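Derivation of every value follows stated rules applied to the coordinates shown; laboratory data play no part. For clarity, every value in this text was computed on a predicted model and none was experimentally measured. Quick reminder, even Gly has a Cβ in these numbers, built from the backbone with ideal geometry, and neighbours come from all protein chains shown.
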Amino acid sequence: MNGALGLGGEAGEVQDYIKKVLFHGHKLDKEKLKEELGDVLWYIGYLAYIQGMTLEEIAIANIEKLLLRYPNGFNFKDSIMRRDTELMNIR
């Protein structure tokens, strides 16, 4: 639970920082963004570790999912007509 809540909190900090840059006139500080993204990455790694997964296997599974969903690369049509969802409904 700590990992999931920490991840959500840190992702929210990234969102809040980007909001300030886009809408509040703050100048983008790449080092600040890198720090916040590092916190997100730490929680992802922590959650993966306590579940016995590696970041590599998570990345590979995500790539496989996206290749199924967007076999020709991302496009709006495939985003609306999701092949992976259709294939899961067949099973």
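Computed values, structure above
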{"read-out": "Condition check for LEU66: surrounded by 14 or more Cβ atoms within 10 Å (Cβ to Cβ) and either in contact with a strand residue (DSSP E or B) (Cβ under 8 Å, 6 or more places away or on another chain) or of a type outside the set (Asp, Glu) (or both)", "value": "no"}
{"read-out": "Flag for ASP39 being surrounded by 11 or more Cβ atoms within 10 Å (Cβ to Cβ), farther than 20 Å from LEU55 by Cβ and free of Cβ contacts under 8 Å to residues at least 40 places away in the same chain", "value": "no"}
{"read-out": "Test for ASP39: is it of a type in the set (Asp, Glu) and within 14 Å of GLY3 (Cα to Cα)", "value": "yes"}
{"read-out": "Of all residues in the range 42-60 being hydroxyl-bearing (Ser, Thr, Tyr) and in a helix (DSSP H, G or I), the one that is surrounded by the most Cβ atoms within 10 Å (Cβ to Cβ)", "value": "TYR43"}
